[in-house]
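Chemist: My structure is below; once you've seen it, I'll send some questions.
The values are calculated or read from the model by the stated rules, or taken from the named source; none is laboratory data. Keep in mind the model is a prediction, meaning the values are calculated, not measured. We place every Cβ from the backbone using ideal geometry, glycine too, and count neighbours over all the protein chains shown. Only protein heavy atoms, including side chains, enter the accessible area calculation; ligands, DNA and RNA are left aside. Shrake-Rupley method; radii C 1.70, N 1.55, O 1.52, S 1.80 Å.
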Amino acid sequence: MKEIKKAVLLFVVLSLLTGVLYPMVVTGLARVIFPRQAAGSLIYKADETCIGSSLIGQSFSDPRYFWSRPSATADFSYNPLASGGSNLGPTNKDLVNRIKECATNFQSTGIKRLLPADLVMASGSGLDPHISIEAAIIQIPRIAKERHVSEEKVRNLVQNYLEDRQFGFLGAKRVNVLKLNLALDNL
Amino acid sequence: MQNTELFLDILQILVFFSLLTLVAKFLGRYMARVYQGERTMLSPVFAPLENGIYRVTGIDKNAEMNWKQYAVAMLIFNCLGMIVLFALLLLQGHFPLNPQKFSGFSWHLALNTAVSFTTNTNWQAYSGESSATYLSQVLGLAVQNFLSAATGMAIVIAFIRGLARRTSETIGNFWLDLTRTVLYILFPIAVVAAVVLVSQGVIQNFSGYKNVSLLQSTSYEKPKLDADNNPIKDINGNQITVKIPVKEQRLPMGPVASQEAIKELGTNGGGFFNANSAHPYENPTPFSNFLEILLILSIPAGLTYALGRMVGSSRQGWALYAVMLFLLVLAIGVQYWAEYNGNPLVQKIGVHGYNMEGKEVRFGLGGTVLFSTSTTATSCGAVNAMHDSLTPLGGMIPLVLMLLGEVVFGGVGSGLYTMLAFVVIAVFVAGLMIGRTPEYLGKKIEVTEMWMSVITVLTAGVVVLLFVAIALITPTGVSSIANPGPHGLSEVLYAFASTANNNGSAFGGLNANTVFYNLMTALAMLIGRFIPALAILAMSGSLVKKKYVPPSVGTLPTDQIPFIIWLVVVVLIVGALTFFPALALGPFVEHLIMQGGI
């Protein structure tokens with residue numbers, strides 16, 4: 001009986017420490033030191049309307065924009081309220097057919113070469129904000145044509161928005177699709 | 001180009017393990033000091049708080065417990081945690097900090113989740129962003145992230161005392177071990193790690209979800225429903241759909257960084273969001289990814305060194321570290337190779353590169369494989385890629401790491417104590433083969449030790465095989481499977497391997513939020529957690545009474561390379577004998593199908 005009393009009291013004390021004090025301390029420090037990140041790395045336009053987050057991808061199908069990776073989130077692509085992947089196994093016919101459909105879509109825009117895997121396969125979060133360098137490069141001719149600008153100009157833009165491996169060796173080279181498309185609109 | 005990427009991935013893995021080895025030594029030394037009640041650099045801050053807690057709760061700092069008292073205290077505390085969390089999840093709709101107006105969990109989902117978080121499993125049959133309130137997250141789930149981790153660490157420390165103490169009765173005090181773990185180890189590291197994660201972009205706030213306008217609006221087709229929520233069909237039997245425009249994106253918010261830090265550090269693994277550490281708000285950059293993996297492995301690695309310190313021979317700790325490291329590096333190699341080669345079925349349609357389904361671009365293959373293997377080698381179970389979409393052999397690696405019994409670093413505390421049970425078995429079998437007395441660290445291995453070790457090692461295996469069989473012969477069990485063929489078997493096998501070994505990751509295709517799976521997996525988690533834990537405490541109670549036998553020519557040295565190799569072999573053989581048939585029918589068959597074409 002005495003042990004149960006100790007257990008209850010200790011549980012209350014440790015809950016206050018780890019369930020109240022801990023999140024409050026972290027929230028306080030985060031708000032003071034990294035306010036932008038703590039609030040979701042939001043991007044604002046000149047008129048202060050929020051246009052998205054640099055960390056959360058958006059869906060693009062307009063040929064004038066760089067297209068993001070496919071997304072398997074529920075209801076619609078890049079639905080942030082339903083993060084997740086397709087969970088289709090590698091030998092599932094649904095997976096192969098979905099990829100085939102997506103690949104045909106790209107090939108119909110005039111791409112002749114092999115497609116990079118990330119451009120036709122869905123991410124784990126369904127919200128991946130990035131595509132690989134190669135996935136950006138093969139879309140340049142289409143965008144240049146649609147926007148009536150030189151490929152050179154679009155290529156330079158992609159170069160400017162190239163993110164290298166962090167510290168030179170972590171992760172992978174990539175391009176943020178939303179940032180790149182915002183820059184396209186300002187070209 | 002390709003070769004540079006491969007080289008950089010290997011460099012990333014090498015840097016990681018060099019750093020982990022350093023962390024193991026320094027964190028291990030610190031933890032040993034904490035558990036032996038010595039002064040540490042944090043004592044000036046936390047010692048007064050610690051003493052205050054003992055005064056308020058009436059805990060006697062100098063009291064010691066025998067193994068039965070220790071076990072009873074542990075069970076009471078965990079039972080209490082489970083009841084409180086169950087009630088909180090069930091009733092969350094009536095409490096504050098609920099800007100999205102979520103209602104309570106169903107009874108079976110609340111039960112499953114309460115068991116899941118108190119057993120350090122963090123199996124999640126719910127999706128965080130669409131069902132758990134901020135209060136449930138911070139005061140329910142995160143609290144258990146701390147306390148279940150501290151429970152596992154307390155148990156392994158009690159077991160180490162059984163090895164280190166001579167002719168004694170007591171193995172420490174559960175209340176002290178628990179409190180010290182939270183105060184001196186988990187709390188300070190979690191605060192620092194959480195702030196570093198925020199610097200990378202992990203969110204930390206209590207705001208409501210935020211609407212933002214999209215750069216390009218889209219739309220989607222949704223089936224039209226009648227008043228009873230049944231789809232309306234036209235004259236030809238086709239579903240009528242309505243076009244819904246999407247002009248805005250609703251961004252989820254919440255106190256994510258504080259959850260994230262303890263989720264990795266305590267090898268809990270329960271994500272704030274459904275996508276877990278694949279979600280950009282949980283794991284935004286390659287560096288946050290690197291840090292999260294380091295957090296996952298730090299304490300399990302550090303505990304091996306702490307063991308060496310506490311039994312008076314660092315070499316004994318390093319020997320176990322070497323076994324774990326070897327098995328993990330082997331797993332990384334195989335999975336990297338399998339994913340690098342990609343999916344031939346997809347390559348046939350004009351796509352090149354490695355298997356990207358379920359993976360994020362920013363982590364690269366190196367960062368993805370390192371996470372996937374580390375999270376299943378330990379009992380963490382957080383994921384930064386969807387394991388269900390790995391190639392057959394790539395997906396077999398997490399499965400095997402869990403089926404080995406979570407001993408390759410394993411859960412905080414539980415990994416090391418399960419590995420020590422394997423050590424006892426290895427010492428015993430080797431003793432029989434070469435005619436030496438089985439003893440470990442100067443303690444004779446006798447009937448009780450063997451019984452308890454076998455129970456510890458085999459419990460999870462028996463549960464996995466039995467429960468998978470039950471799921472496969474019941475229609476409700478089979479109806480949750482999403483992928484056809486051998487992959488479906490892998491999904492069910494993965495679910496019970498994950499829960500019985502308290503890992504918590506999933507082949508997400510399986511629809512686990514049903515009464516059948518919620519109850520079956522809850523039972524698997526309870527058995528897989530508490531039967532081995534009790535067996536370990538009982539073994540500690542037996543060991544602590546024994547006198548110390550100094551090493552002689554008849555003693556098998558357990559800190560030398562031959563024993564390290566032997567222990568690797570024993571772990572692999574026990575795993576292979578138990579699970580080879582199931583693995584042959586799941587991943588192996590699927591691999592052949594993938595190579596042959598469908």
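Chemist: For the stretch A:73-130, give me each residue that is under 22 Å from residue B:590 (Cβ atoms), within 7 Å of chain B (Cβ to nearest Cβ) and either assigned to a strand (DSSP E or B) or open to solvent by 40 Å² or more (accessible area, probe 1.4 Å) (or both).
Modeler: Once the filter is applied, which keeps residues that are under 22 Å from residue B:590 (Cβ atoms), within 7 Å of chain B (Cβ to nearest Cβ) and either assigned to a strand (DSSP E or B) or open to solvent by 40 Å² or more (accessible area, probe 1.4 Å) (or both), the stretch A:73-130 yields A:93, A:100.
Chemist: To continue, here is another question. With respect to residue B:242, is the statement that it is assigned to a strand (DSSP E or B), under 18 Å from residue A:83 (Cβ atoms) and either open to solvent by 30 Å² or more (accessible area, probe 1.4 Å) or free of Cβ contacts under 8 Å to residues at least 40 places away in the same chain (or both) true?
Modeler: No.
Chemist: So which of A:154, A:158 is surrounded by 17 or more Cβ atoms within 10 Å (Cβ to Cβ), away from every other protein chain (no Cβ under 13 Å) and under 13 Å from residue A:64 (Cβ atoms)?
Modeler: Residue meeting the stated conditions: A:154.
Chemist: On the basis of being under 30 Å from residue B:145 (Cα atoms), open to solvent by 10 Å² or more (accessible area, probe 1.4 Å) and within 12 Å of chain A (Cβ to nearest Cβ), does residue B:196 make the cut?
Modeler: Judged against the criteria, residue B:196 is a match.
Chemist: While we're here: For the stretch B:225-239, give me each residue that is part of a loop (DSSP other than H, G, I, E, B) and either in contact with a Pro (Cβ under 7 Å, 6 or more places away or on another chain) or open to solvent by less than 90 Å² (accessible area, probe 1.4 Å) (or both).
Modeler: Result: B:226, B:230, B:232, B:234, B:237, B:238.
Chemist: Give just the number: which of (1) within 8 Å of another protein chain (Cβ to nearest Cβ); (2) open to solvent by 10 Å² or more (accessible area, probe 1.4 Å); (3) under 30 Å from residue A:33 (Cβ atoms) does residue B:188 not satisfy?
Modeler: Going through the list (1) within 8 Å of another protein chain (Cβ to nearest Cβ); (2) open to solvent by 10 Å² or more (accessible area, probe 1.4 Å); (3) under 30 Å from residue A:33 (Cβ atoms), residue B:188 breaks only (1).
Chemist: Name the residues in the stretch B:553-583 that are open to solvent by less than 30 Å² (accessible area, probe 1.4 Å) and in a helix (DSSP H, G or I), would you?
Modeler: Matches in the stretch B:553-583: B:563, B:567, B:568, B:570, B:571, B:575, B:579, B:582, B:583.
Chemist: Right, here's the next one. Quick one: count up the residues across the stretch A:35-57 that are closer than 27 Å to residue A:25 by Cα, β-branched (Val, Ile, Thr) and part of a strand (DSSP E or B).
Modeler: 1
Chemist: Please indicate, with yes or no, whether at least one residue in the stretch A:18-32 is of a type outside the set (Lys, Arg) and part of a loop (DSSP other than H, G, I, E, B).
Modeler: No.
Chemist: For residue A:1, work out the one condition from (1) facing chain B (nearest Cβ under 7 Å); (2) open to solvent by 20 Å² or more (accessible area, probe 1.4 Å) it doesn't fulfil.
Modeler: (1)
Chemist: Return the residues of the stretch B:346-364 that are surrounded by fewer than 22 Cβ atoms within 10 Å (Cβ to Cβ) and outside any loop (DSSP other than H, G, I, E, B); say none if nothing qualifies.
Modeler: Once the filter is applied, which keeps residues that are surrounded by fewer than 22 Cβ atoms within 10 Å (Cβ to Cβ) and outside any loop (DSSP other than H, G, I, E, B), the stretch B:346-364 yields B:347, B:352.
Chemist: Right, something else. Between a first residue in the stretch B:142-157 that is surrounded by 24 or more Cβ atoms within 10 Å (Cβ to Cβ) and a second residue that is of a type in the set (D, E, K, R), which pairs have beta carbons less than 6 Å apart while being 6 or more apart in sequence or on different chains?
Modeler: That search, which allows pairs on different chains as well, returns B:145/B:263; B:154/B:177; B:157/B:177.
Chemist: Can I ask one more? Identify, from the list B:320, B:265, the residue that is within 14 Å of chain A (Cβ to nearest Cβ) and closer than 27 Å to residue B:154 by Cα.
Modeler: After ruling out the rest, the residue left standing is B:265.
Chemist: Out of A:154, A:149, I need the residue that is farther than 18 Å from residue A:116 by Cα and outside any helix (DSSP H, G or I). Which one?
Modeler: After ruling out the rest, the residue left standing is A:149.
Chemist: Tally up the residues in the stretch B:45-62 that are open to solvent by 60 Å² or more (accessible area, probe 1.4 Å), over 31 Å from the mean Cα position of the chain (by Cα) and farther than 15 Å from residue B:174 by Cβ, please.
Modeler: Total meeting the criteria: 3.
Chemist: All but one of (1) open to solvent by 10 Å² or more (accessible area, probe 1.4 Å); (2) within 21 Å of residue B:19 (Cβ to Cβ); (3) not in a helix (DSSP H, G or I); (4) not hydroxyl-bearing (Ser, Thr, Tyr) hold for residue B:318; which doesn't?
Modeler: (3)
Chemist: Hey, another quick one. Scanning for something open to solvent by 30 Å² or more (accessible area, probe 1.4 Å), without any contact (Cβ under 8 Å) to a residue 60 or more places away in the chain and either farther than 18 Å from residue B:512 by Cα or of a type outside the set (S, T, N, Q) (or both), does the stretch B:114-133 turn up at least one residue?
Modeler: Checked the stretch B:114-133: no residue is open to solvent by 30 Å² or more (accessible area, probe 1.4 Å), without any contact (Cβ under 8 Å) to a residue 60 or more places away in the chain and either farther than 18 Å from residue B:512 by Cα or of a type outside the set (S, T, N, Q) (or both).
Chemist: Here is a follow-up. In the stretch B:483-509, which residue that is free of Cβ contacts under 8 Å to residues at least 40 places away in the same chain and more than 26 Å from residue B:416 (Cβ to Cβ) is surrounded by the most Cβ atoms within 10 Å (Cβ to Cβ)?
Modeler: Going through the qualifying residues, I end up with B:492.
Chemist: Does residue B:507 fit the bill of being aromatic (Phe, Trp, Tyr), closer than 25 Å to residue A:83 by Cα and not in a helix (DSSP H, G or I)?
Modeler: Criteria met by residue B:507.
Chemist: Which one of A:66, A:60 is more than 7 Å from every other protein chain (Cβ to nearest Cβ), open to solvent by less than 20 Å² (accessible area, probe 1.4 Å) and either touching a residue at least 12 places away in the same chain (Cβ under 8 Å) or in a helix (DSSP H, G or I) (or both)?
Modeler: Step by step, each of A:66, A:60 is checked, and only A:66 is more than 7 Å from every other protein chain (Cβ to nearest Cβ), open to solvent by less than 20 Å² (accessible area, probe 1.4 Å) and either touching a residue at least 12 places away in the same chain (Cβ under 8 Å) or in a helix (DSSP H, G or I) (or both).
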